[in-house]
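K.L.:
Structure provided below as C-alpha cells; questions to follow.
A short reminder: the numbers here are calculations on the coordinates, not readings from a lab. For clarity, every value in this text was computed on a predicted model and none was experimentally measured. Because the Cβ atoms are built from the backbone with ideal geometry, glycine has one as well, and the counts that use them run over all protein chains shown.
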Amino acid sequence: MTIGDSLGPEGKRSDLEGVHGWLAFLCVSLIFLTPLGALVEIGTLLTSGTSAENLIGVGLDVVSSGFAIFVGVSLVQIRSYAVRAAKIFFFITLALDLLAMLSIFEPDATPQQVFYIVRTTFTTTAWILYLYRSERVRVTYGRTTATNISEVFR
C-alpha cells in the first residue's frame, strides 16, 4: 500500500483513518468489557466450587482476558501486528464458542446458557467479519506492515 492509497480524491487524509467509530468500540470492548465479563464469570465459577472444570474455566478466562487487553492496546497504538493478533484472538474465541455450543444439547442446559453461547458466537463472528471488511481497519493498519518477525514483538 502506498501513501496515495490512504488519501482521498483531493489528496487529503481519509476520514476513516484512526481508531474511531466501531474500531474504538472494539478496543474499549477488548480492554475493559471482556476482562470485566471474565471477572464476573470467575467470581461465579469460584463461588460454585473449586472443581477441576471450574479451575480450567478460571484459567481460560484469565488467559483470554490478558490476550484481549494485549490486542486492544495493540489496536489503540496502531501496531503493525495488531489486526493479525485481533484475528487470532477472535478465531480462538470462535473455536471455544463452537466447542461450548456442544453444551446446548445437554439436558440440563438453561435457556440463559443457550442464549449466552449463541450471542457470543454471533458477536465473535461479527468482529471477525469487521476486521476483514472494514475500510477503517484497512486504511488505519494497511500502511503498518512488519518486515521482520522482531518488529512484531517491539
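K.L.:
Which whole-Hz ³J(HN,Hα) couplings does segment 34-44 yield from phi under the Karplus relation 6.51 cos²θ - 1.76 cosθ + 1.60, θ = phi - 60°, glycine and proline marked x?
P.N.:
4, x, 5, x, 5, 4, 4, 5, 4, x, 5
K.L.:
Using 0.36 nm times the number of residues separating Tyr132 and Phe115, minus their current alpha carbon distance, what extension gain do you get?
P.N.:
Details: separation 17, 0.36 × 17 = 6.12 nm, distance 2.60 nm.
Between Tyr132 and Phe115, full extension yields an extra 3.5 nm.
K.L.:
So, one more: Which FRET efficiency value, to the nearest 0.05, do you get for Ser51 and Ile104 by plugging their Cβ-Cβ distance into 1/(1 + (r/R0)^6) with R0 = 22 Å?
P.N.:
Plugging the Cβ-Cβ distance into 1/(1 + (r/R0)^6) gives 0.55.
K.L.:
Toward the positive end of the charge dipole of segment 17-143, about the Cα centre and with charges on Cβ (Lys, Arg +1; Asp, Glu -1), which of Leu36, Leu98, Leu75 goes farthest?
P.N.:
The Cα lying farthest towards the positive end belongs to Leu75.
K.L.:
Between the alpha-carbon centers of segment 72-91 and segment 98-123, tell me the distance in whole angstrom.
P.N.:
27
K.L.:
Between Leu39 and Ile88, what is the label-to-label distance in nm when each label sits 7 Å out along the Cα-to-Cβ direction?
P.N.:
So the two model labels end up 2.7 nm from each other.
K.L.:
Still on this structure, I have one more. What does the charge dipole of segment 17-143 about its Cα centre add up to, to the nearest 20 debye, if the Cβ of each Lys and Arg holds +1 and the Cβ of each Asp and Glu holds -1? Please report the intermediate quantities before stating the final value.
P.N.:
Details: 8 positive and 8 negative charges, 155 e Å.
I would put it at about 740 debye.
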